[in-house]
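Let me begin by presenting the structure, written as structure tokens, before commenting on it.
The values are calculated or read from the model by the stated rules, or taken from the named source; none is laboratory data. Quick caveat, the model's predicted, so the values are computed rather than measured. Cβ placement follows ideal geometry from the backbone for every residue including glycine, while neighbour counts extend to all protein chains displayed. Areas reflect the complete protein model, heavy atoms only, side chains present, ligands, DNA and RNA absent. Shrake-Rupley method; radii C 1.70, N 1.55, O 1.52, S 1.80 Å.
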Amino acid sequence: MHQLRLFFTALQFFTRLPIPRWVGFDPTWLNQASRYFPLVGVVVAAITAGVYALAAWVFPAPVAVMLSTAAGIYATGAFHEDGFADMCDGFGGGMTPERVLEIMKDSRIGAYGAIGIICLLAIKCTALSMLPPLTAIAALFVAHPLSRLMATSLIWRLDYARAEGKAKPLAQKMSGAEFSLAAASAAVPAFAMIACGWITWSALAAGGAAGAIATAWLARKCVRRIAGYTGDCLGAVQQLSEVAFYLCVLASMRHGALPW
């Protein structure tokens, strides 16, 4: 029952979805809820894949992808997209760690953030719309929990860079056992999609490697620029690793504009 409460706490923190009243709330639960961040991704994936599947019966793939993306943004309250935009602004416009953190805390969006989020969403929607429908559904079910696992790895390995902030309640170090539970939550839907035959092992491996590389690259930037991570960094890692996964799945299908 305690683990179920932790999951609902994570669902409440990372999405706008309602949770049962009997769950209650204890601030200490937030310190343990990050282990279920990838499982929250499974819920978001179910929403986005469901909307895509229903819309694809009526509309062409690009429209179905746009509706699916909009549903995911609504379900999460643009939580991760906002973090990505803030990190673009902070790392693009700040020269010192203090200035970077100050810019990221500002609720206003600047040129770096606006350009970054437009490009990110355009690449995401374009890549998904060019995948076969069943592969696109599989990619959603794998990428959402996997990208959240990548963000969770920052909590596991790095220090929190602020004295306070929106991710501060999650900022306690994770144990190896907690991260293993998070990894299992991301692995189950991936193996399920393989079993269904909707995605190939090569696409899964390439996408996972690309997500890990994107995460390592951003984590290195976070350590060098602000000596740790913030909630915005978690959102940026989630978004970038998600898009990296879609791109690698698409690339594995040999859809290049020029022949090899």
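Whether a residue is closer than 30 Å to R108 by Cα, hydroxyl-bearing (S, T, Y) and in a helix (DSSP H, G or I) was assessed, and T28 does not pass this test. Cβ-Cβ contacts under 8 Å between residues 6 or more apart (or on different chains), taken from a first residue in the stretch 195-214 that is polar (S, T, N, Q) to a second residue that is open to solvent by 20 Å² or more (accessible area, probe 1.4 Å), are listed as T200/I194; T200/S252; S202/S252. For E164, the conditions (1) open to solvent by 40 Å² or more (accessible area, probe 1.4 Å); (2) farther than 27 Å from M104 by Cα; (3) at pLDDT below 95 are fulfilled apart from (2).
Restricting the stretch 222-253 to residues that are in a loop (DSSP other than H, G, I, E, B) and of a type outside the set (S, T, N, Q) leaves a set whose member that is modelled with the lowest pLDDT is M253. If only residues of the stretch 1-25 that are without any contact (Cβ under 8 Å) to a residue 12 or more places away in the chain and outside any helix (DSSP H, G or I) are counted, the one that is most open to solvent (accessible area, probe 1.4 Å) is M1.
Scan the stretch 47-59 for residues that are free of Cβ contacts under 8 Å to residues at least 24 places away in the same chain and surrounded by fewer than 17 Cβ atoms within 10 Å (Cβ to Cβ) and the total you get is 5.
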